[in-house]
Amino acid sequence: MTRRRTASAAALLALLLPLPLAAAGTAAASASPSALASAPPSAAERSRTAVELPRPTGRFAVGREDLHLVDRSRTDPWAGSGPRELMVTMRYPARRDTGSAARYLTREEARLLLVDRGLEQAVPVETLAGTASASRSGARPLPGRHPLVVLSPGFTVHRATLTALAEDLASRGYVVAVADHAYESVGTVFPGGRVLTCLACDRSEETGMRAVSDNRARDVSFLLDRLTGPRPAWRHAGLIDPGRIAMAGHSIGGASAIAAMAADPRIRAGVNMDGGNATPVPATGLGGRPFLLLGAQERGPGGNESWDRDWPLLDGWKRWITFDGSGHFTFSDFPAIGEQLGLNDPDSPLPGARSVELTRRYLGAFLDRYLRGESRPVLDGPSADAPEVRFHTP
């Protein structure tokens with residue numbers, strides 16, 4: 001392990017270990033969606049799976065397809081050679097009883113995540129890889145035009161960590177694109193059997209984390225080009241309403257939402273889920289567009305310098321919300337998974353199912369209001385049925 005990886009791990013473990021399972025250019029889409037999707041678990045593998053994500057709350061089934069996108073106009077900043085690549089999981093409202101069960105992670109992705117967290121002896125690879133979810137690979141989409149939400153995961157972790165949130169949004173009529181940014185997770189499978197690991201973990205000591213969020217902003221603009229441009233990379237791109245796009249992210253992915261909105265006017269609204277703002281809000285603001293800060297308990301005013309710094313610069317509708325009893329990974333799948341495996345964190349006592357429920361409620365309400373124009377009073381202040389939720393007005 002290099003000095004950078006050791007230092008990076010030490011910084012990340014302060015956030016990750018309390019929750020044991022945490023962790024316009026030319027382009028081409030490679031391979032078919034069916035070829036890129038992870039093989040579904042066998043009957044024997046399913047029988048060993050003891051973990052299941054909370055069911056989506058919407059009325060639609062959830063379809064899933066994976067895309068491999070290549071931006072040949074950019075050299076990968078972490079590898080220093082070759083074009084920039086993304087793996088993207090698309091989820092969308094689908095017809096029931098179509099498609100096939102989708103694996104949560106490949107075995108190798110699960111193994112690398114567990115090894116990175118020191119849990120390879122505590123949690124079987126197949127238990128994590130076979131986590132049950134509602135997604136159906138290749139399911140037939142429902143007709144219509146839907147808002148698009150881009151999700152970006154935390155640094156070092158796989159895009160699968162936002163599955164419960166993505167599935168819920170899709171079940172409620174959104175198209176959701178969850179991106180893995182090459183060389184920024186501990187292990188992501190790309191076409192050809194390539195497993196790209198976290199080169200950015202070493203390089204970011206030199207570049208700083210702003211380089212990560214700014215680079216992800218460029219990834220997102222490229223992704224929007226390939227989903228909403230004249231020759232879209234996804235066969236169901238007609239489902240997307242290009243006039244209704246939002247971005248949300250966890251950790252550095254949340255900081256990337258700020259960077260992406262600053263660079264791309266197509267993004268109408270943004271959410272940062274517990275990420276320090278490595279890319280500051282521009283002094284000129286975000287053009288009056290709405291933004292939601294959704295944070296762990298310690299992320300209230302005075303708990304993070306970047307949020308205090310940037311709050312006055314958010315020049316549209318804005319909310320600063322935290323959950324009592326929450327931690328950094330409350331906004332991902334890991335609390336729900338860890339709870340079922342008996343890996344609870346006494347310092348973040350908010351139950352896993354409740355973590356998922358509250359994240360879905362407040363992020364979903366924000367998107368409903370600003371991509372659909374629907375009234376969502378839950379955003380106006382405290383609710384009697386959510387005593388854990390704090391609204392901050394610095």
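The values are calculated or read from the model by the stated rules, or taken from the named source; none is laboratory data. Since the structure is predicted, the reported quantities are computational estimates derived from the model, not experimental observations. Every residue, glycine among them, receives a Cβ derived from its backbone with ideal geometry; neighbour counts consider all protein chains shown.
Within the stretch 195-214, if we keep just the residues that are among the charged types (D, E, K, R) and either touching a Phe, Trp or Tyr at 6+ places or on another chain (Cβ under 6 Å) or surrounded by fewer than 20 Cβ atoms within 10 Å (Cβ to Cβ) (or both), the residue that is modelled with the highest pLDDT turns out to be ARG210. Residues that are within 17 Å of TYR370 (Cα to Cα) and either in contact with a Ser or Thr (Cβ under 8 Å, 6 or more places away or on another chain) or not β-branched (Val, Ile, Thr) (or both) number at least 2 in the following helices (runs of 4 or more DSSP H) confined to the stretch 167-273: 252-263. For the stretch 368-385, the criterion of a residue being surrounded by fewer than 16 Cβ atoms within 10 Å (Cβ to Cβ), aliphatic (A, V, I, L, M) and not in a helix (DSSP H, G or I) is satisfied by at least one position. Scanning the stretch 144-161 turns up one or more residues that are more than 26 Å from PRO77 (Cα to Cα) and of a type in the set (Gly, Ala, Ser).
Looking across the stretch 50-73 at every residue that is among the basic types (Lys, Arg) and assigned to a loop (DSSP other than H, G, I, E, B), the one that is nearest to VAL123 (Cα to Cα) is identified as ARG55.
Please work out if ARG96 is of a type outside the set (A, V, I, L, M, F, W, C) and in a loop (DSSP other than H, G, I, E, B). Here the answer is yes, as ARG96 does meet what is asked. Check ASP116 against each of (1) at positive phi; (2) crowded, with 23+ Cβ neighbours inside 10 Å; (3) modelled with pLDDT under 95 and name the one condition it does not meet. For ASP116, the exception is condition (1).
crowded, with 22+ Cβ neighbours inside 10 Å, among the hydrophobic types (A, V, I, L, M, F, W, C), in contact with a Phe, Trp or Tyr (Cβ under 7 Å, 6 or more places away or on another chain) and more than 30 Å from ARG140 (Cβ to Cβ), is that true of MET273? Break it down stepwise before answering.
Numbers: crowded, with 22+ Cβ neighbours inside 10 Å: yes; among the hydrophobic types (A, V, I, L, M, F, W, C): yes; in contact with a Phe, Trp or Tyr (Cβ under 7 Å, 6 or more places away or on another chain): yes; more than 30 Å from ARG140 (Cβ to Cβ): yes.
Criteria met by MET273.
Of all the listed residues (PRO346, PRO312), the sole one being surrounded by fewer than 20 Cβ atoms within 10 Å (Cβ to Cβ) and either assigned to a loop (DSSP other than H, G, I, E, B) or touching a Cys at 6+ places or on another chain (Cβ under 9 Å) (or both) is PRO346. For GLY342, are the conditions met, namely being on the phi > 0 side of the Ramachandran plot, at pLDDT below 95 and not β-branched (Val, Ile, Thr)? Against the criterion (on the phi > 0 side of the Ramachandran plot, at pLDDT below 95 and not β-branched (Val, Ile, Thr)), GLY342 qualifies. Look at ALA139 and say whether it is assigned to a loop (DSSP other than H, G, I, E, B) and surrounded by fewer than 20 Cβ atoms within 10 Å (Cβ to Cβ). Spelling it out, it is not the case that ALA139 is assigned to a loop (DSSP other than H, G, I, E, B) and surrounded by fewer than 20 Cβ atoms within 10 Å (Cβ to Cβ).
The residues of the stretch 281-315 include none that are modelled with pLDDT under 95 and closer than 21 Å to LEU371 by Cα. All of (1) part of a strand (DSSP E or B); (2) surrounded by fewer than 24 Cβ atoms within 10 Å (Cβ to Cβ) hold for LEU151 with one exception: (2).
Here GLU45 fulfils each of the conditions (1) in a loop (DSSP other than H, G, I, E, B); (2) modelled with pLDDT under 50; (3) among the acidic types (Asp, Glu) apart from (1).
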